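The values are calculated or read from the model by the stated rules, or taken from the named source; none is laboratory data. A quick note: this is a predicted structure, and the numbers were derived from the prediction, not measured. Ideal geometry is used to build each Cβ from the backbone, glycine not excepted, and the neighbour counts take in all protein chains shown.
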Amino acid sequence: MNDNEQRPVTIIVGRVWRKKGGPSEGVHVMLVAPDDDSAVRTALEALAREGYAEAEFDQIGDMEGAPEDEPHLSAWQGAVEGEVSIVSFDEPF
């Protein structure tokens, strides 16, 4: 990858807890990082700053273009602009 080429947006899928032992929420974290290890570390740091006590990640991968629907489209755009974007949602039971 050369310097002029934009890195893909990485998405990390998992679940988070605001309190240890409390109810979990689903989470999608989107960011641009040089490698998977850096992406995971940066995602964990961002989640801690947002007040999450625990996180468990299930999948990590690169997105192929922008998603079509909100809130993921805005999160993807934020990631392209250098932010760590967090989309949390209630998990189905």
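Mind checking which residues of segment 1-54 are in a helix (DSSP H, G or I) and acidic (Asp, Glu)?
36, 37, 45, listed by residue number.
Does segment 45-60 hold any residues that are hydrophobic (A, V, I, L, M, F, W, C), farther than 21 Å from residue 74 by Cα and in contact (Cβ under 8 Å) with a residue 40 or more places away in the chain, and which are they?
Within segment 45-60, 55, 57 qualify.
Consider residue 54 carefully, then state whether it is of a type in the set (Asp, Glu), surrounded by 13 or more Cβ atoms within 10 Å (Cβ to Cβ), out of contact with any Cys (no Cβ under 6 Å at 6 or more places or on another chain) and within 17 Å of residue 85 (Cβ to Cβ).
no
Would you mind telling me which numbered condition in (1) assigned to a helix (DSSP H, G or I); (2) touching a residue at least 24 places away in the same chain (Cβ under 8 Å); (3) surrounded by fewer than 16 Cβ atoms within 10 Å (Cβ to Cβ) residue 78 fails?
Of the numbered conditions (1) assigned to a helix (DSSP H, G or I); (2) touching a residue at least 24 places away in the same chain (Cβ under 8 Å); (3) surrounded by fewer than 16 Cβ atoms within 10 Å (Cβ to Cβ), the odd one out for residue 78 is (3).
Of the residues that sit in segment 81-93 and are at pLDDT 95 or above and surrounded by 10 or more Cβ atoms within 10 Å (Cβ to Cβ), which one is farthest from the chain's Cα centre (by Cα)?
Per the criteria, the residue is 89.
Search segment 26-51 for residues being among the small types (Gly, Ala, Ser) and touching a strand residue (DSSP E or B) at 6+ places or on another chain (Cβ under 6 Å), and hand back the single one that is nearest to residue 89 (Cα to Cα).
Among those that are among the small types (Gly, Ala, Ser) and touching a strand residue (DSSP E or B) at 6+ places or on another chain (Cβ under 6 Å), it is 26.
Pick from segment 1-44 the residues that are among the charged types (D, E, K, R) and free of Cβ contacts under 8 Å to residues at least 24 places away in the same chain: which of them is surrounded by the fewest Cβ atoms within 10 Å (Cβ to Cβ)?
Only one residue tops the list, namely 3.
Working only within segment 62-75, note down all residues that are in contact with a Ser or Thr (Cβ under 8 Å, 6 or more places away or on another chain) and either on the phi > 0 side of the Ramachandran plot or in a helix (DSSP H, G or I) (or both).
Correct list: 74, 75.
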